[in-house]
Amino acid sequence: MSSVFTMIIEGDLPGTFVWKDDQCVAFMSINPISHGHTLVVPRAEIDHWIDVPSDLRRHLFEVAGTIGAAQKQAFNTQRVGLVIAGFEVPHTHIHLIPMDTMADMDFSLAADSADPQDLDSAAGSIKSALEK
C-alpha cells in the first residue's frame, strides 16, 4: 500500500509543493509547527532515513539546505530547524521548521490542520525566495 506521501507525490491527494525534481519533492506540512513548515520527501518510498542510499541522502540534504535558506529569507526567522523523526508516516521525510527559539521546535505545537490559504501563502513566499 502506498504511503500518504506517495499519494501526494502522485497527485492522488492534494499537496502544496515548493520543489519537485526527479528524486524528491518538498511540500507544506498540513500539521505545521510554524508558518512555513515544509517537508522534503524522496519519491522513493523508503521508511527509515538510514536506509536511504547515500547519493539520494546527499541530494535530500542539498535540497533541504536550499529550501531552508529560502525559508530563512522569506520568513525572516533566526533559524530553520531540521528534524527527521519518521514516526508519523513510514516514508522518509525531513521537516524544515522556521524557528526563533528552541521552543518553536516542539511537535506538540503542531496544528491539527492548516488553512489551505495559509499553506498557499507560505509556499508562495518560499517559491519567491527560491527564485532570487
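Every number here is computed from the coordinates shown, using simple stated rules; none is lab data. Everything quoted here is computed from the prediction, not taken from an experiment. Every residue, glycine as well, gets a Cβ built from its backbone with ideal geometry; the counts of neighbours run over all protein chains shown.
In terms of surrounding Cβ atoms within a 10 Å radius of their Cβ, GLU88, GLU131 rank from fewest to most as GLU131, GLU88. Here the relative contact order of the range 4-126, from alpha carbon pairs under 8 Å that lie six or more residues apart, stands at 32 percent. The three principal axes of the C-alpha atoms in the range 57-121 carry coordinate ranges of 29, 27, 25 Å, sorted with the longest axis first. Check cross-link reach from LYS72 to the aspartates and glutamates: straight Cα distance under 12 Å, and skip same-chain residues fewer than eight apart. Of all the aspartates and glutamates, those that pass the test against LYS72 - Cα under 12 Å, at least 8 places apart if same chain - are ASP100.
Assuming a viscosity of 1.567 mPa s and a temperature of 4 °C, what translational diffusion coefficient in µm² per second does Stokes-Einstein assign to the range 1-70, Rh being the Kirkwood radius over Cα pairs?
Result for D is 103 µm²/s.
Straight-distance candidates among the aspartates and glutamates for linking to LYS20, with alpha-carbon spacing under 15 Å and chain neighbours fewer than 8 residues away dropped: GLU10, GLU62, GLU131.
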